[in-house]
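Data first, discussion second: the structure below is written as structure tokens.
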Amino acid sequence: MLAAAASAGADVIELGIPYGDPLADGPTIAAAAQRALQGGMTLDGALVLARQAASDGAPPILMFTYFNPVVQYGIERFADAMLAAGVAGAIVPDVPLEETGVLRAEFAPRGLALPLLIAPTTPLERAVEIAEASDGFVYLVSRLGVTSAARGPDLDWIAARIAELRERSTRPIAVGFGISTPEHVRAVCALADGAIVGSALIDAYFGTLGAEATARSTKLIEALRAATGGPRPGA
Amino acid sequence: MHRPDARGYFGGAFGGKFVPEVLYEALAELERGMDAAFADPTFWNEYHALLRDFVGRPSPLMEATRLVEEAGAAKVLFKREDLNHTGAHKINNTVGQGLLARRMGKGRIIAETGAGQHGVATATIGAKLGIPVDVYMGALDVERQSLNVFVMKLLGAQVHSVTSGTQTLKDATNEAFREWAARVEDTFYVIGSVVGAHPYPFMVREFQKVIGIEARAQVLERYGRLPTDVVACVGGGSNAMGIFSGFIDDLDVRLWGVEAAGHGLDAGDTAASLNAGSIGILHGSRSYLLQTPEGQVSNTHSISAGLDYPGVGPEHAFLKESGRATYVSATDEEALRAYHRCAEREGIVPALESAHALAHAQKLARELGGKGLVLVNLSGRGDKDTRQVAALEER
């Protein structure tokens, strides 16, 4: 699946480390995490997959997980393990800006990125601070609520917020939550530097395995890729 | 009394605001609303008027004359939270948060519930104040607690069955947080215990401390001295924080929290987070947590649905670390024995939750002898548990 994502044209791959109580995630990703946990997936297991994909020449991989599994694993140990796996960094959505110091202290010396999230409820001043504290890019949440393909992005809000942020910060902006179709990607990429798709990808291959799952994922990613209007990675 | 610091930590170590960014500003808005209300005497006047006329406060203090039969044992006193409207301490908090929701102009209330007690208490204040209530409840609990589901519906609340995860309280709480994230502008989330992200643990304690303030005055008036020991059960820990608050600065008064050991602390089939867990993050705060070495939240077990929660309020973690309170546990079997004993010898069928506190209070009364004066928070009444106990004992 990781190889398919790479060859279908993903610029960055977000790889989830499953957590059983994901507060930022809707039913699709929460259920996927449950299946992964029942299947025995762990933090180390996810990093093994990441290392394999990275050594096969995948685009940059960002791990996605919640804070408690990282804390129990040990933040320093996690940072070392990501570095060893060739991973670019991690997104940890339940760590607010004020608490990111302990992560950054281990990530920054190793060159690991820690993209942070801005939500529609975030006041502008705070959003600017978050953008400036983000590495790699800042993750703009497209609407209220949790991850899910059931509700699309709030394009008016995105446009307004991006215009405000561009005046104050040069950080690249990627938009996620509710992005599920090429139309969404086209609209978002006209405003932002990238679009992030999660639930829609899981929905696309849900219930299938192996070649069928890979084929479905490839088809969706290629369609989304084409809608970005940008050059394919490496092209 | 002791307020957490600006980041929401008790003692610099427990608590915090570990939530997705969308909720961060919602918590800040809540904190601003709470601070304004707490500084406004008219808010407290309204709260105390409802506690008096709607809840039936002050709740009585009763001497339990027959619970411990041994001659020379310490006196045991019950703070009768079971006599509150809706049958438990839960309503003290929902009255406070309901009034705050109205003051903040929120047109809708959501709540999580396990066994349904907090759901009923929230639906009750929603009906009283005319604010629509949506309750999130694990699908397994909906099935097990059909009576409370019916009561919530009678009170006009909508009950949403949560089918994610383990389909119990932890997942209902996750779902309530997700729902809040989707509708922060018009929705007030009423959390049922001293858990969750700051300012919830502090706010809920402030709405429950009426228990301790009343009890302290009642004991002093009647016995001319303070109790030697105060005992309360701890799941999330709101009734315990409520009664502890009255005595926290009386350093000679020993505070005991009694957790649900379930089948036993070593059995792995327990809900005793402070006794059998380790420090971790759940539902927005750092506290003790029953978890796997990988940081996944463990399944818990207790005979008492109200204590069957993998986490515990961060202020309890702080009181444990600081040594101000001591946390012990009672097994399902010990709680069940205390449940029967209280019914037969005091004429009160206690909630199974409160029965855990009773189990420890009896031990203490015997150990302390005549010098002791043991105050127990009888946090709820037990009619809700009669069907479950009957089914257990028919087996």
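The values are calculated or read from the model by the stated rules, or taken from the named source; none is laboratory data. For clarity, every value in this text was computed on a predicted model and none was experimentally measured. For neighbour counting, all protein chains shown are included, and Cβ atoms are generated from backbone atoms with ideal geometry for every residue, glycine included. SASA here: full protein model, heavy atoms, side chains in, ligands and nucleic acids out. Shrake-Rupley method; radii C 1.70, N 1.55, O 1.52, S 1.80 Å.
A few notes on this one:
- In chain B, a dipole from Cβ-located charges (positive for Lys and Arg, negative for Asp and Glu) runs towards its positive end, and of B:Val231, B:Ala26, B:Leu307 it is B:Val231 whose Cα lies farthest in that direction.
- Which of A:Leu201, A:Ala30, A:Ser217, positive extreme of dipole for chain A (C-beta unit charges): A:Ser217
- Near-label residues of segment A:80-123 by backbone N, under 14 Å of a point 7 Å along Cα→Cβ of A:Ser55: A:84-87
- Calculated on the Cα set of segment A:122-235, radius of gyration then Dmax: 15.0, 47 Å.
- Mean projection of the Cα convex hull over all viewing directions, computed for segment B:24-174: 11.8 nm².
- Percent antiparallel among DSSP beta bridges (both partners in chain B, rounded to 5): 30
- A Förster radius of 60 Å, combined with the Cβ-Cβ distance separating A:Arg77 from A:Ile162, puts the computed FRET efficiency at roughly 0.95.
- Distances between placed amide hydrogens fall under 5 Å for B:Arg108 paired with B:Phe188, all partners being 5 or more residues away or on another chain.
- Relative to the longest principal axis of the Cα atoms of chain B, the long axis of helix B:210-223 makes an angle of roughly 20 degrees.
- Computed over chain B: relative contact order in percent, which uses C-alpha pairs under 8 Å that are six or more apart: 20
- Per residue solvent-accessible surface (Å²) - chain B, probe of 1.4 Å: 35
- Each other residue within a Cβ distance under 13 Å of B:Leu368 adds +1 if Lys or Arg and -1 if Asp or Glu, for a net charge of +2.
- Contact surface B-A: accessible area buried, both sides summed, square angstrom, 1.4 angstrom probe: 2700
- CD proxy at 222 nm, helix term only [per DSSP H run n ≥ 4: -39500 (n - 2.57); per residue of chain B; nearest 500]: -13000 deg cm²/dmol
- Cα convex hull volume per residue for chain B (Å³): 129
- Spin-label pair B:Ala13/B:Glu25, simplified geometry with 7 Å Cα→Cβ offset, distance in nm: 3.5
- Full extension of the segment from B:Glu333 to B:Ile279, taken as 0.36 nm per residue of separation minus the current Cα-Cα distance, would add 16.7 nm.
- Pairwise Cα inverse-distance average, inverted: Kirkwood Rh of segment B:246-382 (Å): 15.5
- Amide hydrogen neighbours beyond the local backbone of B:Arg286, cut-off 5 Å, H modeled: B:Gly15, B:Gly16
- Charge dipole magnitude, Cβ of K and R +1, D and E -1 - the protein assembly as shown, Cα centre, debye nearest 20: 720
- 19 Å cut-off, amide nitrogen to a point 7 angstrom out along B:Glu63 Cα→Cβ, residues in segment B:209-227: B:215-227
- Taken along the Cα-to-beta-carbon direction at a fixed 7 Å, the label points for A:Glu98 and B:Ala343 span 4.7 nm.
- Whole-number D in µm²/s for segment A:2-227 (Stokes-Einstein; Kirkwood sum over Cα pairs; 37 °C, 0.692 mPa s): 185
- Neighbouring partner chain Cβ atoms per residue of B:21-31, average, 10 Å criterion: 6
- Test item: A:13-26 mean partner chain Cβ contacts at 10 Å: 5
- Radius 13 Å from Cβ of A:Val128, net charge of other residues (Lys, Arg +1; Asp, Glu -1): 0
- Chain A - mean residue ellipticity at 222 nm from DSSP helices (-39,500 (n - 2.57) per run, n ≥ 4, rounded to 500): -14500 deg cm²/dmol
- Charged-residue dipole, Cβ positions (Lys, Arg, Asp, Glu), chain B about Cα centre, Debye nearest 20: 760
- Peptide B:273-282 - average C-beta neighbours from other chains (10 Å radius): 2
- Comparing the full protein assembly with the isolated chain (1.4 Å probe, heavy atoms, ligands and nucleic acids excluded), the residues of segment A:47-92 losing at least 20 square angstrom of accessible area are A:Phe67, A:Asn68, A:Pro69, A:Gln72.
- Loop-located GluC sites (Glu not before Pro) in segment B:6-81 whose Cβ has at most 12 other Cβ within 10 Å (DSSP): B:Glu69, B:Glu70
- Here the relative contact order of chain A, from alpha carbon pairs under 8 Å that lie six or more residues apart, stands at 19 percent.
- DSSP bridge pairs, the protein assembly as shown: antiparallel proportion in percent, nearest 5: 20
- Distance-filtered residues of segment B:53-76 - backbone nitrogen under 13 Å, label point 7 angstrom along B:Lys371 Cα→Cβ: B:74
- Angle in degrees between helix B:21-38 and the longest Cα principal axis of chain B, rounded to the nearest 10: 60
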